[in-house]
Amino acid sequence: MRLELANAQMIGNELALRWSDDVEAYLGFEFLRRACPCAVCGGEPDVLGNLIRPEVTYTRDSFVLTGWQAVGGYALQLQWKDGHNSGLYSFDYLRRLNSAVAGETK
Ligand SMILES: [Zn+2]
C-alpha cells in the first residue's frame, strides 16, 4: 500500500501528522528544522553515504514553522519564519524521523 499523508496540523510547537496506515507522528519544530534535508542544511547523506553537515546558523525564527505545502503527493515543503523553505521532507524521510524520536514521547 502506498503511504499517504492523511492529515497534518500544527499543535503547539509540533507538527502532528497522521498517515494512511493510522500511524501518528508528533515532530517538534526545532527537531524538524535541524533535520532539514535541503542541500544548504545538508540533512541527508550524499549518494556515497557521506554526511557532511555544513555550519548552519539558526535564529529564533528558524524554529518557527509558518506553513507547508504538499509536493507531488510524496513530500512536504516546510516554510519557516526565517524565510527558509528549500527543504523537501519526503514522506519516507518523515517516517524515519518519527522512528528516531519514538520512545521520547509520553
Ligand atoms: Zn534547509
Completion exercise
Along region 9-24, Karplus-curve 3J(HN,Hα) (6.51, -1.76, 1.60; θ = phi - 60°) to the nearest Hz, with x for Gly and Pro, reads 8, 8, 10, x, 9, 10, 9, 9, 10, 10, 9, 5, 9, 6, 6, 10
Exercise for the section: Sort THR59, THR66 so that the residue with the fewest other Cβ atoms within 10 Å of its own Cβ comes first and the one with the most comes last. Expected result: THR59, THR66
Fill in the blank from the handout: Residues meeting the amide H criterion for TRP68 (H placed from the backbone, H to H distance under 5 Å, 5 or more places apart or on another chain) are GLN79
Completion exercise
Looks like region 5-99, by Cα gyration tensor root eigenvalues a ≥ b ≥ c and the a/c under 1.5 rounded cutoff (else prolate when a/b is bigger than b/c, oblate otherwise), is oblate
Completion exercise
Phi-derived 3J(HN,Hα) across region 58-69 with the Karplus relation (6.51, -1.76, 1.60, θ = phi - 60°), rounded Hz, x for Gly and Pro, is 10, 10, 4, 5, 5, 9, 10, 7, 9, x, 7, 9
Fill in the blank from the handout: Fewest-first ordering of GLU30, GLU4 by Cβ atoms within 10 Å yields GLU4, GLU30
Exercise for the section: Return the sequence-ordered ³J(HN,Hα) values of region 77-85 in whole Hz as given by the Karplus equation 6.51 cos²θ - 1.76 cosθ + 1.60 applied to θ = phi - 60°, using x for Gly and Pro. Expected result: 9, 8, 10, 9, 5, 7, x, 6, 8
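Values quoted throughout were computed directly from the atomic coordinates according to the rules given, and no laboratory measurement underlies them. Keep in mind that what you see is a predicted model, and the values were worked out from it rather than measured. Cβ sites come from the backbone with ideal geometry, for glycine too, and all protein chains shown count toward neighbours.
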